[in-house]
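The values are calculated or read from the model by the stated rules, or taken from the named source; none is laboratory data. This structure is a prediction, so every number in the text was calculated from the model and none was measured. Don't worry about glycine lacking a Cβ; one is built from the backbone with ideal geometry, like all the others, and counts go over all protein chains shown. The area values use the complete protein model at the heavy-atom level, side chains included, leaving out ligands, DNA and RNA. Shrake-Rupley method; radii C 1.70, N 1.55, O 1.52, S 1.80 Å.
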Amino acid sequence: MFHKLFIAAVIAVITALPAAASQGITGQPVAQSLLMPGVSYERDVEFTPHGPVVLDVVTAPRPDGSLYTLTPVLSNNAIVATEKLTDMEKELSTTATLVGVNGDFFAADPGKPSGILMRNGTLDSAPISSRSSLGISADGTLTVAPVSFDGSWHGTGQRRQLDLNAAPVKGHTTLYTSSWGPETPAESGVVIDVLPSIPPLQPNHIVTGVVSQVLDHGPVPIPPGGAVLVARGGQAPHLTAEAPLGTTVELRPTLTPNWSGMASAIGGGPLLVAAGKPVFRARESFGDPVLNRRSARSAVAQLNDGRILLVTVEGGGSSYSAGMTNYELGVALVRLGARTAMGLGSGTSAAMAFDGTLLTRAAEQPVADALMLSYNGVYVAPPVSTTLSPNGDGIDDVQTFSYKLVRPSQVMATVVGPDRSTLTLVQDSEQAGVHTLQWDGMTAVEGSWRFSVTATDDLGRTTTADRQFAVNQTLGFLQVAPKGAGATATFQLAHSATVTVTVEKANGIVLATLLSKKLDPGTQSVTWKGPAGGSYRVRVVATNAIGKATLLSPLSSRRS
């Protein structure tokens, strides 16, 4: 029920985009909508010599960890897997409302992110020193910089190098934590030490574990909260001699610069914006096709006031969106106000999604990790009907509201009318989850209304979310009856209004405007002679001082 309800609500937001239009980065009108409190989404179209370019832009408050948090999410909570961005969001939907983009570049098999991954201060994957990494501090400040990794283990002998959660490399020792997956790779002729328990692997801190098993081949199950050391080739005798059964082994994962104070981190690159200026040539270890080819791309940026931008430029076809080079994306981000920005994965993996519904147009591909902006307060979905018309015609007679709580809360839900009259619909303690209610609005004053929910959760945090809708009984009782090769549409007006009646294809292309004039109250009728047979729809729009009301009816026209 939860996913069906919220996916339908989000689709309504993206297709209808009810909020006011604003100006895009190139002066073209863009549609803007509210995803959740404080977080807006807009789709911007830029016309270039290479074709149109579509940018999906999310603007969110500074992620200081109170109500808004910016964090990486690992697919299936394991490096040895990939997963769709929308599925990651659905799995987390009971704990927060999320909007996110794809994360780092990655190797499809086994699915390891190319660079750093650090969650809640724990290191899961090492950085690539020749590419940028993104660090996210506890107060929501973003830092983009190259970071190097130096990992080591120490038993009874000297310190020796190790890799972290990586595919096997001949002559290397690798530390596998439970972030890798359920078990180590299948290998023979190796030395394996099992450490059943270690503290979280924080950068620039020494953690210890006691060897409980010594084995000579894998795969070996990785203990939850523990780790496994695997030594190959010339390193295998060192692990045998210096970390036998019962030995306390020290593990030291060092990052330079020291990012032990970062709450989380994610890899990607290149650097796109520095000190408010686009970076023309970042000189990072990407080939020219990645940097200079127009493609779909994602990025994360921070504005001067601390707000966050998540941006995906769509690509793959010049007819819809031609994509951008990294430098072009950097220029676009500066126009949006970015102070600093870093690129994320590009190509077919580039995507943006909200609460389990894809916002970008291209078919979604599984990714290794994602970057998510989560909101932990009350969330109100867009009303099922943008216009409530309780006139008894069976269309939009009842309004359906829904809201989500991620923690037990004391809730007050109200509707507020244009005359500031307030009706309380809910005032009670409620458990976490999705809550749905209906309102018939039979005695409601016509005009603009607001559905509002205020929730105080069990941590004492109070949040409010609301949605606008209209009560308008001007238009109703639309009926469309075939007539010859065309049809006759009848409808009723409760108030005088300027009415437009059109016939359009299923994709919204208007075939004919049958009426566009001011009409008095009463029953109205209009006839369409119609072309050859086919499936169409009739749209009636009535506009007056109360607002705009729209009715839509399908039409199947037969050949004469």
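Restricting the search to region 456-497, which residues are aliphatic (A, V, I, L, M), open to solvent by less than 20 Å² (accessible area, probe 1.4 Å) and closer than 26 Å to Thr386 by Cβ? Result: Ala465, Val471, Leu475, Ala487, Ala489, Leu493, Ala497.
Apart from one condition, His495 fits all of (1) within 23 Å of Val445 (Cβ to Cβ); (2) without any contact (Cβ under 8 Å) to a residue 60 or more places away in the chain; (3) outside any loop (DSSP other than H, G, I, E, B); the exception is (3).
Of all residues in region 191-205, those that are closer than 14 Å to Thr174 by Cβ have Cβ atoms under 8 Å from Cβ atoms of residues that are in a loop (DSSP other than H, G, I, E, B) and among the small types (Gly, Ala, Ser), 6 or more apart or on another chain, in Ile192/Gly218; Asp193/Ala243; Val194/Ser212; Val194/Gly226; Leu195/Ser212; Leu195/Gly226. For Ala241, the conditions (1) among the aliphatic types (A, V, I, L, M); (2) in contact with a strand residue (DSSP E or B) (Cβ under 8 Å, 6 or more places away or on another chain); (3) in contact (Cβ under 8 Å) with a residue 40 or more places away in the chain are fulfilled apart from (2).
Of the strands (runs of 3 or more DSSP E) that lie entirely inside region 330-423, those containing 3 or more residues that are farther than 30 Å from Gly115 by Cβ span 399-405, 409-416. Being within 20 Å of Gly38 (Cα to Cα), at pLDDT 95 or above and surrounded by fewer than 24 Cβ atoms within 10 Å (Cβ to Cβ) holds for only one residue in Asp163, Asp139, Asp87, Asp150, and it is Asp139.
Thr527 - would you say it is over 42 Å from the mean Cα position of the chain (by Cα) and either buried (at least 17 other Cβ atoms within 10 Å of the Cβ) or among the polar types (S, T, N, Q) (or both)? When the stated conditions are applied, Thr527 passes them.
All of (1) open to solvent by 70 Å² or more (accessible area, probe 1.4 Å); (2) charged (D, E, K, R); (3) closer than 26 Å to Thr95 by Cβ hold for Asp419 with one exception: (3). Does at least one position in region 112-130 carry a residue that is within 21 Å of the chain's Cα centre (by Cα), in a strand (DSSP E or B) and within 21 Å of Ala274 (Cβ to Cβ)? No, that holds for no residue. Only a single criterion out of (1) without any contact (Cβ under 8 Å) to a residue 12 or more places away in the chain; (2) within 24 Å of Pro72 (Cβ to Cβ); (3) not aliphatic (A, V, I, L, M) is not satisfied by Gly287, namely (2).
Does region 98-118 contain at least one residue that is open to solvent by less than 20 Å² (accessible area, probe 1.4 Å), on the phi > 0 side of the Ramachandran plot and at pLDDT 95 or above? No, region 98-118 contains no residue that is open to solvent by less than 20 Å² (accessible area, probe 1.4 Å), on the phi > 0 side of the Ramachandran plot and at pLDDT 95 or above. Contact map, region 159-172: first residue part of a loop (DSSP other than H, G, I, E, B), second residue at pLDDT below 95 and surrounded by fewer than 15 Cβ atoms within 10 Å (Cβ to Cβ), Cβ cut-off under 8 Å, separation 6 or more or different chains; pairs are Ala167/Ala107. Among the criteria (1) modelled with pLDDT under 95; (2) surrounded by fewer than 16 Cβ atoms within 10 Å (Cβ to Cβ), the one Gln32 does not fulfil is (2).
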